[in-house]
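Trainee: Submitted below is the structure of interest, expressed as structure tokens.
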């Protein structure tokens, strides 16, 4: 007889409209593993922040909120994947903001240049994988 760990959809209240409209979970948790959907730099009115630094801060705040709802923190992130519409031009600005949120020991990170993101005016999307409790071990 095999036992399986149930899959849990994580939908913080602030993300319910996205969940209902676009049919996705902001995060999925199986055991201690948490996969977080891409977070972007839009405010509550769905307006992009003014530039890379503002959008990155909004996206990291959203990432933090989703992880907390899943029972984890930014310190539990083991992998980041970021999507940039101007990878070469804005990478240093992104790193400066990333370092405000992600402390050593740093997770694995892949940065990918793309031609566009889901909404006009977006310049960054951040997705993550976390292991709940791993920062305390």
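Trainee: For the stretch 30-49, check the following and say yes or no: at least one residue is at pLDDT below 95, assigned to a strand (DSSP E or B) and surrounded by fewer than 16 Cβ atoms within 10 Å (Cβ to Cβ).
Mentor: no
Trainee: If we scan the stretch 69-76, do we find a residue that is at pLDDT below 95 and in contact with a strand residue (DSSP E or B) (Cβ under 6 Å, 6 or more places away or on another chain)?
Mentor: No, the stretch 69-76 has no match at all.
Trainee: Sticking with this one: If I filter the stretch 78-93 for residues that are more than 18 Å from residue 128 (Cβ to Cβ), in contact with a helix residue (DSSP H, G or I) (Cβ under 7 Å, 6 or more places away or on another chain), touching a residue at least 40 places away in the same chain (Cβ under 8 Å) and assigned to a helix (DSSP H, G or I), do I get at least one hit?
Mentor: Within the stretch 78-93 (the criterion being more than 18 Å from residue 128 (Cβ to Cβ), in contact with a helix residue (DSSP H, G or I) (Cβ under 7 Å, 6 or more places away or on another chain), touching a residue at least 40 places away in the same chain (Cβ under 8 Å) and assigned to a helix (DSSP H, G or I)), the answer is yes, since at least one residue qualifies.
Trainee: Sticking with this one: Within the stretch 13-29, restricting attention to residues that are buried (at least 16 other Cβ atoms within 10 Å of the Cβ) and in a loop (DSSP other than H, G, I, E, B), which residue is modelled with the highest pLDDT?
Mentor: For the stretch 13-29, the residue satisfying everything is 26.
Trainee: Sticking with this one: Tally the residues that are surrounded by 15 or more Cβ atoms within 10 Å (Cβ to Cβ) and farther than 16 Å from residue 58 by Cα, restricting the search to the stretch 91-108.
Mentor: Of the residues in that region, 2 qualify.
Trainee: Within the stretch 9-31, track down each residue that is more than 21 Å from residue 126 (Cβ to Cβ) and either in contact with a helix residue (DSSP H, G or I) (Cβ under 8 Å, 6 or more places away or on another chain) or without any contact (Cβ under 8 Å) to a residue 24 or more places away in the chain (or both).
Mentor: 20
The values are calculated or read from the model by the stated rules, or taken from the named source; none is laboratory data. Computed from a prediction, not measured in an experiment: that's the story for all the values here. Heads up, the Cβs are rebuilt from the backbone with ideal geometry, glycines too, and the neighbour counts pull from every protein chain shown.
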